[in-house]
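Let me begin by presenting the structure, written as structure tokens, before commenting on it.
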Amino acid sequence: MMNYFIESFIKKLSYDTFNNYLIKQNIILNDKTSLYFFDLLKNNYQDILKRPDYYLNIIKNNVDDNTYNNIYNLYLTYSKKLYH
């Protein structure tokens with residue numbers, strides 16, 4: 001059931017909403033990187049749910065340490081809700 005909600009949300013997610021959420025979470029990316037991660041999410045969300053470590057590594061290799069830490073902390077917050 002949770003996957004259904006996630007899929008519905010991702011399908012409706014706009015780039016502007018995605019970008020605004022990042023800004024609210026103090027995750028500042030340039031337009032190219034933000035668009036890259038948005039596309040990655042939109043096209044791979046099912047695999048992201050299955051292999052989060054793989055995608056966290058992709059993120060880590062494309063952003064600075066501070067940004068990665070902010071993203072990783074978000075992951076920890078939501079993974080507790082999703083996987084437990």
Share of carbon and sulfur in the accessible heavy-atom surface of the chain [1.4 Å probe, %]: 53 percent
Length-normalised contact order of the chain in % [C-alpha pairs under 8 Å, at least 6 apart]: 33 percent
For the chain, radius of gyration divided by Kirkwood radius, i.e. Rg to Rh on alpha-carbons: 0.93
Accessible area of Asp53 in the full protein assembly, 1.4 Å probe (Å², nearest 10): 110 Å²
Accessible surface, the chain, averaged per residue in Å² (probe 1.4 Å): 74 Å²
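The values are calculated or read from the model by the stated rules, or taken from the named source; none is laboratory data. Please read these numbers as outputs of a predicted model, since none were measured by experiment. When the accessible area is computed, the model is the full protein with side chains, heavy atoms only, and any ligands, DNA or RNA have been set aside. Shrake-Rupley method; radii C 1.70, N 1.55, O 1.52, S 1.80 Å.
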